[in-house]
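Just below is one structure, and these are the notes that go with it.
Where a number appears in this text, it was derived from the coordinates with a stated rule and is not lab data. In this text the structure is predicted, and so the values were computed from the model without any measurement. All Cβ positions, glycine included, derive from the backbone under ideal geometry; neighbour counts span all protein chains shown.
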Amino acid sequence: METFDPTELPELLKLYYRRLFPYAQYYRWLNYGGVIKNYFQHREFSFTLKDDIYIRYQSFNNQSDLEKEMQKMNPYKIDIGAVYSHRPNQHNTVKLGAFQAQEKELVFDIDMTDYDDVRRCCSSADICSKCWTLMTMAIRIIDRALKEDFGFKHRLWVYSGRRGVHCWVCDESVRKLSSAVRSGIVEYLSLVKGGQDVKKKVHLSERIHPFVRRSINIIKNYFEKYALVDQDILENKESWDKILALVPETVHDELQQNFQKSHSSLQRWEHLKKAAIKCQNNIKNDKCGPWLEWEIMLQYCFPRLDINVSKGINHLLKSPFSVHPKTGRISVPIDLQKVDQFDPFTVPTISFICHELDANSTNEEEKEGNEAESDIKHRTRDYKKTSLAPYVKVFEQFLENLDKSRKGELLKKSDLQKDF
């Protein structure tokens with residue numbers, strides 16, 4: 001993927017919002033079949049413009065209204081907020097206290113910077129293929145729980161454009177959940193607890209919850225390659241001392257000796273597993289057992305969620321198909337069938353797709369020489385000429401499932417009404 005030059009962003013955004021942004025699919029998503037009156041009209045959008053000018057409480061009547069405004073403003077970033085009791089762009093005219101956030105998708109935000117204490121390859125905003133595995137595990141663990149433990153059907157996973165992923169749970173019943181219930185769900189999905197000064201952030205009891213077991217099973221598929229080879233978490237004394245701080249002191253001396261004799265993280269991990277079992281057999285000690293190794297695996301690999309993003313109904317989250325102003329990458333939907341193959345470094349940048357469009361348009365103009373075709377007709381298929389196309393397809397598949405499920409619900413309701 002070519003390098004992105006931020007100084008070109010204003011011009012690139014003009015082209016992107018004019019010819020490439022998938023407005024029809026985007027409106028189809030947030031309108032939810034038009035079942036609830038004014039659902040789209042009461043939705044808050046927020047735009048961040050050049051020089052960090054931030055405009056909240058934007059709202060639009062329809063798709064065309066949204067298109068016009070986005071093409072006029074060319075936002076550097078788009079955030080989506082809640083559906084309110086009134087139109088957000090009229091919130092100043094509503095009497096105090098009456099303007100309330102009523103519904104929103106349940107959202108999750110997972111950011112690589114929250115793993116800085118356990119990844120050795122990068123820190124802060126940097127990512128590489130070695131630490132991206134953390135996001136792969138996070139998607140697998142959280143998505144499995146949302147689907148199997150909670151029964152949520154419509155989950156849209158989106159790459160943030162830089163160093164993380166977002167999830168939008170869009171089931172009708174979920175959008176109505178109170179803040180307290182959202183907090184409960186995030187609490188259920190959180191195992192790593194404690195700030196920077198807390199060394200041991202995961203504490204398991206002897207009775208392991210099925211959610212923890214299933215999460216461990218997912219981590220096991222990645223742990224050896226990710227933690228012991230790529231991150232080399234037991235490479236030297238400095239790195240293994242961090243891990244010894246998580247195990248009971250009774251096994252420290254033995255492990256220090258064995259670690260010094262060993263030649264790789266893989267060998268040292270085997271010693272740690274043996275020590276955990278040996279220490280468990282020493283009846284007096286309840287701090288040991290297989291869960292000792294699991295606690296370390298969880299601390300190093302388990303998803304770290306931003307709790308506040310998920311529990312607040314009025315919390316804003318970056319929109320899919322927004323452009324990241326620093327990397328130029330598009331926030332694209334992730335295909336859940338291909339999570340392991342997803343590579344953030346091959347996600348198209350705005351400059352790349354704009355150049356693809358230019359190249360294609362030049363070829364076509366030479367062929368056509370005919371201006372009769374309407375701009376609209378042209379635009380609806382413009383993104384198809386670029387690397388954005390497969391990602392829009394993933395989004396359309398998600399919308400297809402939402403539609404099917406909505407039709408199913410409506411049929412159920414009409415059948416119930418016939419029975420009376």
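Taking a label point 7 Å from the Cα of Leu266 along the Cα→Cβ vector, which residues of region 214-235 have an amide N closer than 13 Å to it?
Of the residues in region 214-235, 224-230, 232 have backbone N under 13 Å from the label point off Leu266.
With a Förster radius of 30 Å, plug the Cβ-Cβ distance of Asn217 and Ala125 into 1/(1 + (r/R0)^6) and report the FRET value to the nearest 0.05.
Approximately 0.45, to the nearest 0.05.
Over region 203-301, what is the mean sequence separation of C-alpha contacts under 8 Å (at least six apart), divided by residue count, expressed as relative contact order in percent? Provide the component values of the computation, followed by the final result.
Working: 68 pairs, mean separation 33.6, N = 99.
Relative contact order comes out at 34 percent.
Could you tell me the relative contact order of the chain? Use alpha-carbon pairs under 8 Å, at least six residues apart, and round to a whole percent. Write down the numbers at each step before the final one.
Details: 584 pairs, mean separation 95.9, N = 420.
Contact order relative to length: 23 percent.
Run the numbers for Ile277 and Ile307: contour at 0.36 nm per residue of separation, minus the present Cα-Cα distance, in nm.
Net length gain for the segment: 7.3 nm.
With a Förster radius of 22 Å, plug the Cβ-Cβ distance of Asn62 and Arg381 into 1/(1 + (r/R0)^6) and report the FRET value to the nearest 0.05. Mind showing how you got there, number by number?
On the way: r = 21 Å, r/R0 = 0.97.
Efficiency at R0 = 22 Å is approximately 0.55.
In a GNM of the chain with a 10 Å cut-off on Cα contacts, which of Val35, Val118, Val186 has the highest mean-square fluctuation?
Val35
Anyone know which of Ala145, Ala227, Ala245 comes out most mobile in the 10 Å Cα GNM of the chain?
It is Ala245.
Using only DSSP helix segments of four residues or longer, with each worth -39500 (n - 2.57), what per-residue ellipticity at 222 nm results for the chain after dividing by its residue count and rounding to 500? Can you show the working numbers first?
Values: 15 runs with 179 residues, N = 420.
Rounded to the nearest 500, it is -13000 deg cm²/dmol.
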